[in-house]
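Every read-out reported here was derived from the displayed coordinates using simple, explicitly stated rules and does not represent laboratory data. Bear in mind the structure is a predicted one, so any value in this text is a computation, not a measurement. Virtual Cβ from ideal backbone geometry, glycine too; neighbours counted across all protein chains shown.
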Amino acid sequence: MKIKIQEHVGFLEVVTSGQADPANWDEVHSTVFTHPSYVPGCKLLVDHQQLEMAHLSSEDVQAIASLSRARKDSFGKSLMAILVSRDVDFGLVRMWEAYASTDLERKVMVFRDREKAVA
């Protein structure tokens, strides 16, 4: 799993690619949270269009959500747009949102269209 962070006016874009691996998800969080331009609560566009997620099980998604909840202070009250291209990925991200949302203060929206995601 690879991650790249791009700075834009008003938000950070996190681009993932390769095969999603729950064991590496805390590394993804650390990469984002240690980026020089990241501050808790900043707007994030997370582009998972090139991330292979279809193999993830419900237990995998729960594990990723657990890692996200453990980092809730680092997220802050951020606005996060998650961009996907496949229906299965949309469903997996919504599942993650359901598992993670109980302890998070951020607002998460899932999109298939980049223009709508950055609006």
* Asked: Considering the alpha-carbon set of the chain alone, what are its Rg and its Dmax in angstrom?
  -> 12.9, 36
* Structure fact -> Given a Förster distance of 22 Å, the FRET efficiency implied by the Cβ-Cβ spacing of Phe33 and Met109, rounded to the nearest 0.05, works out to 0.60
* Asked: If you take the beta carbon distance between Ala98 and Ser17 as r and set R0 to 30 Å, what does 1/(1 + (r/R0)^6) give as a FRET efficiency, to the nearest 0.05?
  -> 0.75
* Structure fact -> For Lys77 and Asp26, extending 7 Å from Cα along the Cα-Cβ vector and measuring point to point gives, in nm, a value of 2.9 nm
* Asked: In nanometres, what is the gap between the two model label sites at Ala70 and Glu7, each 7 Å from Cα along Cα-to-Cβ?
  -> 3.0 nm
* **In nm, spacing of pseudo-spin labels at Lys43 and Ser58 (7 Å Cα→C-beta vector)** => 3.6 nm
* **Globularity index of the range 30-73, i.e. its alpha-carbon radius of gyration over 2.2 N^0.38 Å** => 1.36
